[in-house]
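Okay, structure first, notes after.
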Amino acid sequence: MKRKYVLLGLLLSFCQLLSKAQAPTDKTAWQIVAQDINPANYYGITVANGMIGLVSSSEPMKVKDVVLNGAFDTYGRGRVSNILKVFNFANMNLDVDGQRIGPKEIANYRQTLDMQKAALTTTFDYKDKVSVRQTMMALRHLPFSELTMVEITAKKDCEISPMSVIETPENLKEVKNFYSEIDRSHVTIRLLTSVAKSPTGRHTVAASTSFIFEEPHGQEPDVIHEDWDYNMHLAKFKKKLKAGETYRFSVVGSVSSTAHTADPQNEAERLTLFAALERTERLLMRHNAEWVKLWQSDIVIDGDPDAQRAVRSALYHLYSFVREGTGYSLSPMGLSGLGYNGHVFWDTELWMYPPILELKPEIAKSMLEYRFERMQMARQNAFSHGYKGVMFPWESDADGQEATPVWALTGPFQHHITGCVGWAFWKYYQVTKDKEWLRTRGYPMLKEVADFWASRVEREGPGKYHINNVIGANEWQENIDDNAFTNGMAKTTLQYAIQAAQELGMTANPDWKLVADNIPILKFPDGITKENRTYDGVMIKQADVNLLAYPLHIVSDEAAIKKDLAYYEPRYSPEGPAMGWSVLSTLHARMGEPDKAYDWFVKSYKPNEVPPFGVMAETAGGTNPYFATGAGGMLQAVLNGFGGLEITDNGIVQLKSKLPKKWKSLTIKGFGPQAKTVQVQ
């Protein structure tokens with residue numbers, strides 16, 4: 001037993017040393033601080049662990065939303081399945097001398113996100129009585145659990161009554177509330193639990209919480225359960241404090257659903273019980289250790305503190321929204337709320353996936369598994385539309401069915417997403433050279449994608465294998481023919497399917513090459529790439545033609561790239577989404593124009609930041625953060641533009657690149673399977 005404690009002590013010491021070794025010299029580069037908070041103009045920041053997302057609130061000790069990955073039901077917008085907003089099990093109340101604290105009674109309200117530890121700390125003073133410090137995190141090592149640590153310091157003698165609250169959102173029904181105590185000789189675990197049905201009854205959802213007290217067993221405060229109504233119940237205790245005294249305790253909570261386990265109530269309670277008996281220190285140790293591992297892949301910018309903060313925020317959010325080994329992918333808003341119904345679009349493969357693939361290939365693999373597991377639904381979609389192979393939905397839900405609302409034509413017509421999926425699969429093989437994965441996952445996918453395009457084209461003769469009646473990346477032009485990006489992605493993925501077959505010593509379908517060679521990329525008479533057959537120079541929503549230069553490399557001659565840029569840059573709408581500007585930044589950086597690239601880079605995030613944390617909205621002046629798609633695009637501008645990283649058949653290589661005048665150096669840490677580090681100066 002003694003040896004056991006010695007080993008534990010050594011482990012704790014090691015983790016502390018490791019944490020110190022990873023600690024930055026400048027904490028401001030890792031912290032996002034919100035103060036002078038205006039509740040009427042507040043957009044919360046998210047702490048998440050790839051499974052649950054907790055969105056901050058302007059109200060003290062509250063959480064705005066709790067989102068559970070993988071759980072969908074049909075309700076709300078568009079008569080389609082939406083990601084579930086689940087029990088708000090991280091909320092708390094606090095009474096001081098019998099009075100409930102609220103936004104109007106507090107002062108010095110401040111919230112700080114520590115990106116290095118993925119922890120949100122809120123501090124405030126209540127009158128002249130107490131100071132409160134609350135830290136909340138979605139535990140990285142426990143995907144369905146969160147931890148809240150509370151520290152209350154008395155300024156004068158008073159009595160406090162903290163409360164752990166579970167509230168039910170309107171979308172859940174048939175709510176049942178439970179409270180139980182599990183008493184053992186060394187500890188008493190008090191479980192506050194709620195169970196409900198999703199809107200159609202498809203899923204059962206459950207959440208459970210428990211206090212963690214620091215006092216020895218038998219000396220903890222008495223806990224009282226109050227069941228107010230079906231939509232809210234709580235557990236609370238009272239504690240008298242002397243002036244100057246500080247009282248500390250924690251709350252752990254877990255959430256689950258039948259999308260994840262057969263018995264979510266028992267699972268939520270078991271996970272909460274496990275976390276409660278792990279105790280706060282061990283939970284923190286393991287959570288922090290997981291984030292130390294994540295931050296071994298990082299981007300360091302010297303000379304531009306604002307860019308450093310924005311880039312690290314983008315990385316923090318992408319790391320928070322996805323995790324290894326789940327088979328879940330990324331929605332445009334990640335786990336920051338219910339935006340875009342939690343569906344998966346091309347945003348994942350073309351925008352968010354590349355930086356994750358370069359920095360964390362093991363997480364990228366999990367994102368690809370999401371698509372692989374839904375191939376049967378994509379085959380059915382192709383069959384239903386009269387095509388072969390797989391046809392992935394524009395908006396994919398938990399089942400992989402087409403979940404685009406009927407009024408949006410993107411669902412039936414935005415076919416380039418199937419190419420984006422195949423493209424992403426080949427990129428993973430280029431980075432990892434995992435031939436067994438290529439045999440069991442990569443090639444089976446690419447073969448089906450190639451079969452789709454071979455059946456999708458309309459064959460009118462050499463150079464005239466048209467892809468008609470689509471919506472391209474520029475969604476403002478509907479039902480067009482021979483869209484540049486769609487055609488380019490089809491040609492690219494057909495060629496990748498041929499390469500994949502060759503890598504495995506197999507014979508590729510000769511029709512794939514025939515089709516790839518005869519899909520046209522249209523040009524204006526002066527040589528500028530034409531966005532589609534009828535394009536006449538109107539404003540565009542986002543990048544389309546310019547994607548042929550990066551990331552597809554179909555347009556590779558520098559003079560041609562510049563010609564396309566000069567033509568299309570003035571036609572980008574100011575109302576377009578963030579990632580469009582990042583493509584322009586990447587291309588200018590690759591052509592040796594770093595300062596022009598920097599201007600587009602800043603435009604890809606700065607106008608989209610909203611108060612008080614500067615989280616990124618989809619568009620300038622937008623109100624739908626966090627836009628993880630934009631984060632992915634902006635990171636590509638840094639990694640693949642200024643940093644010069646390029647994914648090739650030889651793995652990740654570094655092209656020659658230049659930095660903007662403002663940057664002293666750019667360091668990319670821990671990229672690729674070998675976790676390499678490079679610096680550009």
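C158 satisfies every condition listed in (1) under 36 Å from the mean Cα position of the chain (by Cα); (2) touching a residue at least 24 places away in the same chain (Cβ under 8 Å) except (1).
Per-residue answers, yes or no, for (1) of a type in the set (A, V, I, L, M, F, W, C); (2) out of contact with any Leu (no Cβ under 7 Å at 6 or more places or on another chain):
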| residue | (1), (2) |
| --- | --- |
| R286 | no, yes |
| L294 | yes, yes |
| G303 | no, yes |
| G325 | no, yes |
| S331 | no, yes |
| S336 | no, yes |
| D347 | no, yes |
| M352 | yes, no |
| P355 | no, no |
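Take E151 and decide whether it is in contact (Cβ under 8 Å) with a residue 40 or more places away in the chain and either buried (at least 18 other Cβ atoms within 10 Å of the Cβ) or under 30 Å from I299 (Cα atoms) (or both). It is false that E151 is in contact (Cβ under 8 Å) with a residue 40 or more places away in the chain and either buried (at least 18 other Cβ atoms within 10 Å of the Cβ) or under 30 Å from I299 (Cα atoms) (or both).
Residue under question is T623, and the condition is that it be of a type in the set (V, I, T), within 30 Å of N41 (Cα to Cα) and part of a helix (DSSP H, G or I); does it hold?
No: the conditions fail for T623.
A473: surrounded by 20 or more Cβ atoms within 10 Å (Cβ to Cβ), in a helix (DSSP H, G or I) and of a type in the set (G, A, S), yes or no? Judged against the criteria, A473 is not a match.
Of all residues in segment 574-599, those that are free of Cβ contacts under 8 Å to residues at least 60 places away in the same chain and either closer than 30 Å to V55 by Cβ or in a loop (DSSP other than H, G, I, E, B) (or both) total 12. Filtering segment 215-234 to residues that are of a type outside the set (A, V, I, L, M, F, W, C), at pLDDT 95 or above and surrounded by 12 or more Cβ atoms within 10 Å (Cβ to Cβ) leaves P221, H225, E226, H233. In this structure, is V47 within 11 Å of L338 (Cβ to Cβ), in contact (Cβ under 8 Å) with a residue 60 or more places away in the chain and part of a strand (DSSP E or B)? So V47 does not fit the description; no. I want to confirm something. Restricting to segment 481-536 and keeping residues that are touching a residue at least 12 places away in the same chain (Cβ under 8 Å), in a loop (DSSP other than H, G, I, E, B) and of a type in the set (S, T, N, Q), which single residue is surrounded by the most Cβ atoms within 10 Å (Cβ to Cβ)? Out of the qualifying residues, it is N483.
Out of M333, M367, report the one residue that is closer than 20 Å to H416 by Cα and in the same structural domain as K662 (by TED's automatic domain parsing). Write out each step before concluding.
On the way: M333 fails: closer than 20 Å to H416 by Cα.
Every option except M367 fails the conditions.
Among the residues of segment 577-590, at least one is surrounded by 17 or more Cβ atoms within 10 Å (Cβ to Cβ) and more than 25 Å from E609 (Cα to Cα).
Listed here are the residues, each with its yes/no results for (1) surrounded by fewer than 20 Cβ atoms within 10 Å (Cβ to Cβ); (2) in contact (Cβ under 8 Å) with a residue 60 or more places away in the chain; (3) β-branched (V, I, T).
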{"site": "G342", "(1), (2), (3)": "no, yes, no"}
{"site": "A364", "(1), (2), (3)": "no, yes, no"}
{"site": "M375", "(1), (2), (3)": "yes, yes, no"}
{"site": "A382", "(1), (2), (3)": "no, yes, no"}
{"site": "V390", "(1), (2), (3)": "no, yes, yes"}
{"site": "D399", "(1), (2), (3)": "yes, yes, no"}
{"site": "T404", "(1), (2), (3)": "no, yes, yes"}
{"site": "W407", "(1), (2), (3)": "yes, yes, no"}
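Looking at segment 1-53 only, could you name the residues that are modelled with pLDDT of 95 or more and of a type in the set (F, W, Y)? Within segment 1-53, W30, Y42, Y43 meet the criteria.
Considering only residues in segment 129-157 that are in a loop (DSSP other than H, G, I, E, B) and among the aliphatic types (A, V, I, L, M), the one that is farthest from N91 (Cα to Cα) turns out to be L142. Scanning segment 347-362 for residues that are under 25 Å from P405 (Cβ atoms) and either of a type in the set (S, T, Y) or surrounded by fewer than 24 Cβ atoms within 10 Å (Cβ to Cβ) (or both) yields T348, Y353.
Give segment 541-565 a look and list any residue that's part of a helix (DSSP H, G or I) and either in contact with a strand residue (DSSP E or B) (Cβ under 9 Å, 6 or more places away or on another chain) or surrounded by 17 or more Cβ atoms within 10 Å (Cβ to Cβ) (or both), or say none. Show your work before the answer.
As a first pass, look at segment 541-565 and keep what is part of a helix (DSSP H, G or I): 545-548, 558-565.
Across segment 541-565, the qualifying residues are V545, N546, L547, L548, A560, I561, K563, D564, L565.
Selection of strands (runs of 3 or more DSSP E) fully inside segment 166-269 by the criterion of at least 2 residues being under 20 Å from N69 (Cβ atoms), touching a Pro at 6+ places or on another chain (Cβ under 8 Å) and touching a residue at least 12 places away in the same chain (Cβ under 8 Å) returns 204-213, 246-257. Taken across segment 194-203, residues that are modelled with pLDDT of 95 or more, on the phi > 0 side of the Ramachandran plot and not basic (K, R) do occur, with at least one present. Evaluated against (1) closer than 20 Å to V150 by Cβ; (2) of a type in the set (D, E); (3) in a strand (DSSP E or B), E59 falls short on exactly one condition, (3).
The values are calculated or read from the model by the stated rules, or taken from the named source; none is laboratory data. Quick caveat: nothing in here was measured; it's all calculated off a predicted structure. As a convention, Cβ positions derive from the backbone with ideal geometry for all residues, glycine included, and neighbour counts pool all protein chains shown.
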